[in-house]
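S.K.: Provided herewith is a single structure, encoded as C-alpha cells, for subsequent inquiry.
The values are calculated or read from the model by the stated rules, or taken from the named source; none is laboratory data. Only a predicted model underlies this, so the values are computations on that prediction, with no experimental measurement involved. Every residue, glycine as well, gets a Cβ built from its backbone with ideal geometry; the counts of neighbours run over all protein chains shown. These accessible areas exclude ligands, DNA and RNA; they are computed on the full protein's heavy atoms, side chains included. Shrake-Rupley method; radii C 1.70, N 1.55, O 1.52, S 1.80 Å.
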Amino acid sequence: MDPSEYRPRPGEIPTSPGVYRFRDPDRRVVYVGKAKNLRARLNSYFANPAGLHPRTFAMVHTAASVDWTVVDTEVEALQLEWTWINEFEPRFNVMFRDDKSYPYLALTLRDEFPRAFITRGKRKPGVKYFGPFAQVWAIRETLDLLLRAFPVRTCTPGVFRRAQRTGRPCLLGYIDKCSAPCVGRVTPEEHRGLARSIAEFMGGNTGRFISARKEEMAAAASELDYERAARLRDEIAALEKVLDKSAVVLSMNADVDVFALVAEELEASVQVFHVRGGRIRGQRGWIIERLQELGPAELIADSLRQAYTDVEPEAIPREIVVDTLPADLDTVTAWLTEMRGSQVSIRVPQRGEKRAVMETVAKNAEQALQLHKTRRASDLTTRSASLTEIQQALDLAEPPLRIECIDNSHTGGQDVVGSLVVFEDGLPKKRDYRHFAVTGDAARDDTAAMYDVVSRRFSRYLESLVSTEPDERFGYRPSLLVVDGALPQVHAAVAALEDLGITDIAVIGLAKRLEEVWVPGDEFPVVLPRNSEGLFMLQRIRDEAHRFAISYHRKRRGRSMRASALDGIPGLGPAKRKALLARFGSVRQVRAASPEELAGAPGIGPALAERIHAALGPSEAAGGETGEDPGSDTVGAEATAAEGSPDD
C-alpha cells in the first residue's frame, strides 16, 4: 500500500516520547518501534519512502495504518516497546531465537518447603533460577553434589504429599540426600535455611561454606567425633568439586555478565557468559534475524533487553561488559539500574582478563552462528521444497506460507473437542494454537463438529477485520486450510466458509487410511508420492492437530469423570461435600435424604439442606435421567459436555 494513503495528518502526531505500531490491512502488527519524539520519528518513514532502506521500504508498503501510545519517559518507552514485540512478534522487528534449549537449576524459595529441580521451562514468579548451563548432565551432577552438603527436597509436590500421608520418606530421604521435611526430620525453618544456602553458594558466596565446614571438621576430630568429621569431609569435597567444575576466568572475586555479538547481513549471533565470583556460572546464546537495518549498537541494546526482561533483580550484575556500547546507552543503563535497584555500569573492556573473556565469548558466538547456518540451510531447502510441492499439487497461486489444520476428537460422541494448529513457513507457531469445545447440536457427528469449529474460527477472523482492537489470535488468514478427514469433512468446512462469505481460502482434507488429499468438488483424491516432501509436511501438520485435539479431549474427559452432582450448589464447598459423602456414603443416598436428614450432617444448616435437596431432585430420577452409578459420586460425561466452555 502507498504510505501516503495512511500517513497521519500534519500536527496529529505528538512530540512526546512513545511507542508506535504499524499494522497491515488485516490489522496485524508488523512493526513496533519507540521514539524520543514520535512526530520526528514517524515523519521519517513518510517524508521520502524511496530513500528508505529496502527492508524498511518493504515494511511501510506492507503496512496499512499506524498508531502510537504516549509515555512519560524514554525508559517507559523502552519497556513498552519490548513488551509489545514479545506480545505481537511483528514480522519486521528483530527476532531472537535461542540457539538451544538451556537447562536451569531452580529453587522455589517462596514455598513452605522449598524444592530444588532442573527445568528448561518458562520462568515463573517466586522461583529463583541459576544458570543457564550448557549441558544438562553438568547441572545434574552439580545438583547431586550440592545435595550432599545441603540435602534440600527435590521431589514433586505429589510425591511430597504422599510421603506426608504415609509417614515414610522417599529413597533420597533414606540415603541422606534429602533432609526429609515431609516426615518432620527437620523443621520448615531448618529446611528453608538449606535452600537459602544453595542459593548463596550458587550466587558466588562459596568461601564461607567451605571454611565453616573445615572449622567444624577440625572441632569434631578434636572431640573424637570421627563420624561427624568424616561426613563434613565428604561435604567439603562435594562443594570443592562443584567449584572445580566452574572455570575460573577472573582472578578477582567479581560478578559480571560478558556479551559478544557477531553479525552478518541477514543474521547475527549473541552469546553471554554469566560470571559470578570470578567463575563462569552460566552461558546462553541467541540467533538474531536481522529484518531491519540495525547496527551492532542497536542489536546489543536489544540483546540486553532480551537477557534481562522478567528476571529477578539479583540476576542483574553490577557490571555488564559488551563488545559494543548499546544505542541509547543512558536509557538502557537507567532501565537496568531501576530493575536491579542499584547502579549498573555498561562498558567495553580494552585490556586485561575481561578483554580475554570477551574474546572467548566472541568465538562462541561465531561458532554458534556457523552451526545455525549449516542447520538452517538444510532445513530451509527441505521446507521450501515441501511448500512448492504442495502448491503445485493443489494448483495454488503461491506457496502456502501459513497453513492451518483443524481436527476433532471425541469418545463415542461425548466430550467433543476441536483443535486448530498453525504452521508458518513450514514450522509450528504454537502461540496461535487453539482449542474448541463442541457442544449441543454441533456435537452430533464429525461433519457438524467440523462446520462448527470452522465457523467459530473464521467468525473471529471477520470480527477482527472491523474491530478497533482486533483479536491477534484470530486476525490472520491462512493460505491453506487442512481438515482431518475426507470429502464429508472438506465439504463441511467449505460450507462454513461460504456461509461466512469467505471464498479465497483453499481447503483440502487429508484422510488417514491411504493419506489421500481430498479437494472440494473433486470425486477422486489427489495422491502425492509416498516420498513427497509435501506429503510429509501435510502429515506432520495433521498429526500435530490430532495430538493437540487428543490432549484437550483427555483433559475434558478427565474433568467430566471427576465432576459430581454436588458441584455448583451455592454454599456447598469442598469440606461440606466431603462431610455429606462421609455421612451418607454416596450421592444417591444424599439425593434420597430429606432436608431434615441432610441438616444432620456437620456444617449443613436448614437453608443449605433445602438448597441441596432442591438441586438434586427426587431420588427416582437418579438412575434414569443422569446415568449415575448408584455407588458413585460422579455424573455421566454428557452432563459436563453439555455445559460447554469458551475457546481456549
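S.K.: Report the gain in length on full extension from residue 297 to residue 264: 0.36 nm times residue separation, minus Cα-Cα distance, nm rounded to one decimal. Please report the intermediate quantities before stating the final value.
M.R.: Working: separation 33, 0.36 × 33 = 11.88 nm, distance 1.39 nm.
So the extension gain works out to 10.5 nm.
S.K.: Would you pull out the residues with amide H under 5 Å of residue 64's amide H, same chain only if 5 or more places away, H placed 1.01 Å from N?
M.R.: Answer set, sorted by chain and number: 23, 24.
S.K.: Quick one: if you stick a label point 7 Å off each Cα along the C-beta vector at residue 431 and residue 53, how many nm between them?
M.R.: Label at residue 431, label at residue 53, 2.2 nm between them.
S.K.: Using a simple charge model, +1 on the beta-carbon of Lys and Arg, -1 on the beta-carbon of Asp and Glu, nothing else, what dipole does segment 15-151 show about its Cα centre, in debye to the nearest 20? List each step's numbers first, then the result.
M.R.: Numbers: 21 positive and 15 negative charges, 34 e Å.
Charge dipole of segment 15-151: 160 debye, to the nearest 20.
S.K.: Let me ask you something else. What aspartates and glutamates could a cross-link reach from residue 512, if we take a straight Cα to Cα line under 20 Å and drop same-chain neighbours fewer than 8 places away?
M.R.: Answer for residue 512, where 20 Å is the Cα cut-off: 389, 404, 407, 445, 446, 484, 522, 523, 533, 543, 544, listed by chain and number.
S.K.: Counting pairs of alpha carbon atoms under 8 Å apart in space and at least six apart in sequence, what relative contact order in percent does the chain give? List each step's numbers first, then the result.
M.R.: Details: 1092 pairs, mean separation 57.1, N = 648.
Normalised by residue count, the contact order of the chain is 9 percent.
S.K.: Treating cross-link reach as a plain straight distance, find the lysines whose alpha-carbon is under 18 Å from the alpha-carbon of residue 373, omitting any fewer than eight places away in the same chain.
M.R.: Partners within reach: 100, 363.
S.K.: Using a 7 Å offset from the Cα along the Cα-to-Cβ direction at both residue 309 and residue 4, what is the distance between the two label points in nm, to one decimal?
M.R.: Output for this residue pair reads 3.7 nm.
S.K.: Given +1 on the Cβ of Lys and Arg, -1 on the Cβ of Asp and Glu, and no further charges, what dipole in debye does the chain carry about its Cα centre, rounded to the nearest 20? Before the final figure, lay out each step's value.
M.R.: On the way: 87 positive and 93 negative charges, 505 e Å.
Once rounded to the nearest 20, the dipole reads 2420 debye.
S.K.: Tell me which residues come under 5 Å, amide H to amide H, from residue 572 once H is placed; ignore anything under 5 positions away on its chain.
M.R.: Residues meeting the amide H criterion: none.
S.K.: Let me ask something else. Take every Cα pair under 8 Å in segment 1-102 that's 6+ residues apart, average their separations, divide by the length, and report that relative contact order as a whole percent.
M.R.: Details: 151 pairs, mean separation 37.9, N = 102.
37 percent.
S.K.: Can you list the lysines whose alpha carbon sits under 27 Å from that of residue 578, skipping same-chain ones fewer than 8 residues off?
M.R.: Result set, ordered by chain and number: 555.
S.K.: OK, next. Run the paramagnetic zone check for residue 607: 7 angstrom along Cα to Cβ, then residues of segment 569-585 with backbone nitrogen under 12 Å.
M.R.: So the set is 571.
S.K.: Say R0 is 22 Å: what FRET efficiency, to the nearest 0.05, do residue 575 and residue 166 get from their beta-carbon distance?
M.R.: 0.45
S.K.: Can you tell me the accessible area per residue over the chain, all protein chains present, probe 1.4 angstrom, in square angstrom? List each step's numbers first, then the result.
M.R.: On the way: 31140 Å² over 648 residues.
On a per-residue basis, 48 Å².
S.K.: Before rounding to the nearest 500, sum -39500 (n - 2.57) across all DSSP H runs of length at least 4 in the chain and divide by the residue total; then give [θ] at 222 nm in deg cm²/dmol. Please report the intermediate quantities before stating the final value.
M.R.: Details: 21 runs with 286 residues, N = 648.
The per-residue figure over the chain is -14000 deg cm²/dmol.
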